[in-house]
Amino acid sequence: MLSDSCACHPAASRFDWRLAAKSGTKTLLLLTLPILAAAQQHGWIEGVAFNKLTKAPVAGIKLRMTSSQPERRFEAVTDQNGEYRIEDVPAGDYSPAFDAPAGFYGPNPMELALKRTKVHVSNRGVQFDVEITPASTIRGRLLDADGNPVVGSTVFALPINGVRLGTAKTNDKGHFSVSVAPGRYRLQARPEKGGGPRTFYPDVTDAASAETILVGEGADLGGYDIRLRAPAQRILRGVLRDKVGKPVPDVEVVLSTPAVLIEQVAKVRSDAKGAFEFTSVAPGQWLVSARASREGVPWLGKTTVTMANRDVDDVELWLDPPFALDVELAGEPEELPNPVRIELRATADSISEYAIAKQSESARFGAIYAGSYRVGVNGAIAGFYLKSIFMGTVEVTGRPVDVVSGSPPLRLVYEPTGGRIKGEVENGAGANVVLIWADRDTYVSGQDIFTINCDGAGRFSASDLRPGNWYALAFAGPERILWTNAIRENVFDRGLWRQAETIRVGEGETTSAKLKMSPWPE
């Protein structure tokens, strides 16, 4: 046993293995210096933060390096030369995070998480430089229904896949300038009370009809004028009922934008007869919802309403308790090597519920509410593909499904005869290949998109594919991370499918493909 005096001796700076005894072919080694020395190794982290476009240094960037051990957290701020250095850092892996000054954006935290970016410190140190993206600008004017400038109102750049929200106030001539990170946005103007309904660029009150603005790195985009609609005077009336049709009094009812951008617009309470009323509702599609607690259990009601240029008086909002929904797997191996996560995403408000299937167990949604959902399945089963999804005897693969109390179980059917694609990308060493189910409407989230990294010769392969048509594209990598939750939008909404190769995958067949690199639009 090592003595305490030996463990603390300053000369204990490395391992010293000594031959202690020999007997025939057996050798016994004895550790004579303390193993604590290895844990005492320290290094440093240093680097430079620079403007991604101009390569100029950026001062004032706050960096945080955190390890899995909570006491190991280090911070630094870049100086006027964009440089930083953290001394006396224990050896190990650290997760970086950044705060950028006004006018700049650090690396996207989602991208860092998806890449599992780590800074590894050894007994010496590591160089870790940081690309900082300059802010972009969206400019325009806010005008009323008669074309006059609207002063002092707030304009929001609502991110679709951007980093965060951007806001600005209109000046005395109605001009606004919103600072944003690269990404996709919708502009929304929120005039002062009585100045008209909240309006999306260019002149719509329905979020789903708003135009999307693509913002590149360091862009300065002008001409995005928003024209407000005349103040709406339409009324939305309805009655809140429980599951047996009895009116429900004194419950808060919420009017929100649905699906695309969930935003609460107004709240009222149901009266003694369960009636509720919203005034000055703009034309478009709206989500009406209510929530109440019964014996500690939350009951929920929600419905979508389309407002035309007239009052709506007959909305019935049903308040229902949660219920369970079972999920059965068929055709898969008896023991799942990895869990499968089943998702039900509400079509009205994009809120999701999840159930997990693992080993030979069935999955169950323990508390779900009536509504229309899209089924997603996350997780692959090697040697099998997801062929079909049924609710009872009705196939709902890739389509929204109405779920109510008493609905039969969801049944996921797997088959072992999926298709395979083997291919090569011209000059594609390390490229990212994206495979996406070609039917835009009948897709199963989690099973419709695959990203594969090519080898040094540009070769790639994918197996266990659902038979049918797939789009295939190749992009530069691996430095560019392709986010699964943004790929579908990029491919279809931005027209990238037009430059894709369409590959027909047959059941149990291998299809060859030759791809060329495609530019990924900024």
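Computed from the coordinates by the stated procedures, all read-outs in this text should not be read as laboratory data. Since we're looking at a predicted model, the values are computed, not measured. Backbone-built Cβ (ideal geometry, glycine too); neighbour counts: all protein chains shown.
Rounded to the nearest 500, the 222 nm mean residue ellipticity of the chain from helices alone is -1000 deg cm²/dmol, with -39,500 (n - 2.57) taken per DSSP H run of at least 4 residues. A simple count of charges around A380, restricted to other residues whose Cβ falls under 12 Å of its Cβ and scoring Lys, Arg +1 and Asp, Glu -1, yields 0.
With the convex hull constructed from alpha-carbon coordinates only, region 323-415 shows a mean projected area of 5.3 nm² over all directions.
In degrees from 0 to 90, rounded to the nearest 10, what is the angle of the helix 484-493 Cα long axis to the longest principal axis of the chain? Rounded to the nearest ten degrees, it is 50. Once you divide the Cα radius of gyration of the chain by 2.2 N^0.38 Å, the number left is 1.23. Percent of Cα pairs in region 419-515 per distance bin of 5 Å, from zero to the largest separation: 3, 14, 26, 26, 21, 9, 1, 0. Exposure proxy ranking for L228, L165, based on other Cβ atoms within 10 angstrom of each Cβ and starting from the fewest, stands as L165, L228.
If you take all other residues with their beta carbon under 13 Å from the beta carbon of A272, and give Lys and Arg +1 and Asp and Glu -1, the sum is +1. Each Cα pair under 8 Å and six or more residues apart adds its sequence gap; the mean of these over the residue count of the chain is a relative contact order of 8 percent.
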